[in-house]
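The values are calculated or read from the model by the stated rules, or taken from the named source; none is laboratory data. All values reported here derive from a predicted model rather than from experimental measurement. FYI the Cβ positions are ideal-geometry reconstructions off the backbone, even for glycines, and counts take in every protein chain you see. When the accessible area is computed, the model is the full protein with side chains, heavy atoms only, and any ligands, DNA or RNA have been set aside. Shrake-Rupley method; radii C 1.70, N 1.55, O 1.52, S 1.80 Å.
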Amino acid sequence: MACLILDQQQQQQQQSSKKKKKMMMIRMKSSGGCNAASSPARLINECDDDDDELSKSALFAFRAKEEEITKKKMEVKDRVQAQLSRVQQETRKLAEIRNDLEALEDPRWKEGLKVRKKVDLVNKELKSLGQNCQKKEKEYREAIDAFNEKNKEKTQLITRLTELVIESEMVRTKKLEDLNEKMKQFVNSTVSISI
């Protein structure tokens, strides 16, 4: 940041020295050129003196800004240090309070901690058992669905088997009737031949 400020100040110095040289040239032209009293060497010396003054003033400005920045840094550092010391004090106070709390020996409080730990353990066991139960219920539902599907398929097969048995019985009965009819005809024809 200090380099940036220095670069800006150098640019400002160069611009102001260029402006001064232009002003000197304009004065020379307006006064009618070079006279014996104002020789070019004298003008250059005047410009150099002006440049020296400008660089000194820029250097003073730069030093003043740097001192200001240093002061601000120190102020910020002091504030941070004060804040840190406050935080450290508060941390110490909290540690003391924690120690005081731990120093309170209430047997019921300790017993309550033990019971709480047991409750936490039982909760963990219940959670795993609940997950296991859900898994078993899902398997049970899947098994019941499979059982019902197979039972339905069995019912359909029994119905088809019954239909086939009935059809077979009907076909066999019809064939028996046909055979019986043929037998009657055969018996009738043999009786009539023998007479």
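The label-point distance for Val187 and Lys150, in a model that sets each label 7 Å from Cα toward Cβ, rounds to 5.3 nm. Across the range 53-67, computed HN-Hα scalar couplings (Karplus, 6.51 cos²θ - 1.76 cosθ + 1.60, θ = phi - 60°) run 5, 4, 5, 5, 5, 5, 5, 5, 5, 4, 5, 5, 5, 5, 5 Hz from first to last residue, x flagging Gly and Pro. Thr162 contributes about 70 Å² of solvent-accessible surface, heavy atoms of the protein only, 1.4 Å probe. Spacing of the modelled spin labels on Val171 and Gln83, each 7 Å from Cα toward Cβ, amounts to 10.0 nm. Over the range 119-195, how many pairs of lysines fall under 25 Å by alpha carbon, counting only those 8 or more apart in sequence or from different chains? Taking the Cα cut-off of 25 Å, the pair count is 15.
Phi angles of the range 87-95 translate, via the Karplus equation with coefficients 6.51, -1.76, 1.60 and θ = phi - 60°, into HN-Hα couplings of 4, 5, 4, 5, 5, 4, 4, 4, 5 Hz per residue; Gly and Pro are given as x.
Using 1/(1 + (r/R0)^6) with R0 = 25 angstrom and r between the beta carbons of Lys72 and Asp52, what's the FRET efficiency to the nearest 0.05? For Lys72 and Asp52, the calculated efficiency is 0.25.
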